[in-house]
1. Treating cross-link reach as a plain straight distance, find the aspartates and glutamates whose alpha-carbon is under 15 Å from the alpha-carbon of K85, omitting any fewer than eight places away in the same chain.
2. Rounded to whole Å, give me the distance from the Cα center of the stretch 1-33 to that of the stretch 55-86.
3. Along the charge dipole of the chain, Cβ charges K/R +1 and D/E -1, which of T70, I122, L111 sits furthest on the positive end?
4. Rounded to the nearest 20 Debye, what is the dipole magnitude of the stretch 10-137 about its Cα centre when Lys and Arg each give +1 and Asp and Glu each give -1 at the C-beta?
5. What net charge do the residues around R34 carry, taking every other residue with its C-beta under 13 Å from that of R34, with Lys and Arg at +1 and Asp and Glu at -1?
6. Suppose all protein chains stay in the model; what accessible area per residue would a 1.4 Å probe give for the chain, in Å²?
7. Accessible area of the chain with a 1.4 Å probe: how many percent of it is carbon plus sulfur?
Amino acid sequence: MTTSVDIKQLLPAWEQFSNQTDIAPIRDQVHYDRMIQLLEALLEEASGDEKHPAMSLADIVGDLIEDYETLHSRLPDATGIDALKFLMQQHGLKQNDLTEIGSQGVVSEILSGKRELNIRQIRALSERFGVSPATFV
């Protein structure tokens, strides 16, 4: 991209784009809900293809959503064990389903707070659930 931009050409295109998409810093819950729907549609359109043109727009919309959530959603303080219990519940898992972190007894000790997760277990859980390892720390 060149350093000079023809603002007189850019503004009408931006106005038309903005009116059709409402892509802008999120103002309220209704706008947030629309941006979530737009993000889902963009991701569906891209079908996992990182090079699809929709992915650039999905990145922008995702950043706007993240900014809004950071300002308006205070997550409760939770431990790594709380996160693990939540993820187990969401995925309908029992202690014996988590063989990647150990036997049912080991999992029981971790969930009861008698034992801490080690690095190997944290990595395995991160991969299984598709979340950051920091979730379990």
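The values are calculated or read from the model by the stated rules, or taken from the named source; none is laboratory data. From a predicted model like this one, the values you see are computed outputs, not experimental measurements. For neighbour counting, all protein chains shown are included, and Cβ atoms are generated from backbone atoms with ideal geometry for every residue, glycine included. To get the accessible areas, we keep the full protein, side chains included, count just its heavy atoms, and leave off ligands, DNA and RNA. Shrake-Rupley method; radii C 1.70, N 1.55, O 1.52, S 1.80 Å.
1. D77, D97, E109, E116
2. 24 Å
3. Projecting each Cα onto the dipole axis, the largest value belongs to L111.
4. On the way: 11 positive and 21 negative charges, 157 e Å.
My answer is approximately 760 debye.
5. In short, -3.
6. In whole numbers, the chain has 73 Å² accessible per residue.
7. In the chain, the share of accessible area belonging to carbon and sulfur is 53 percent.
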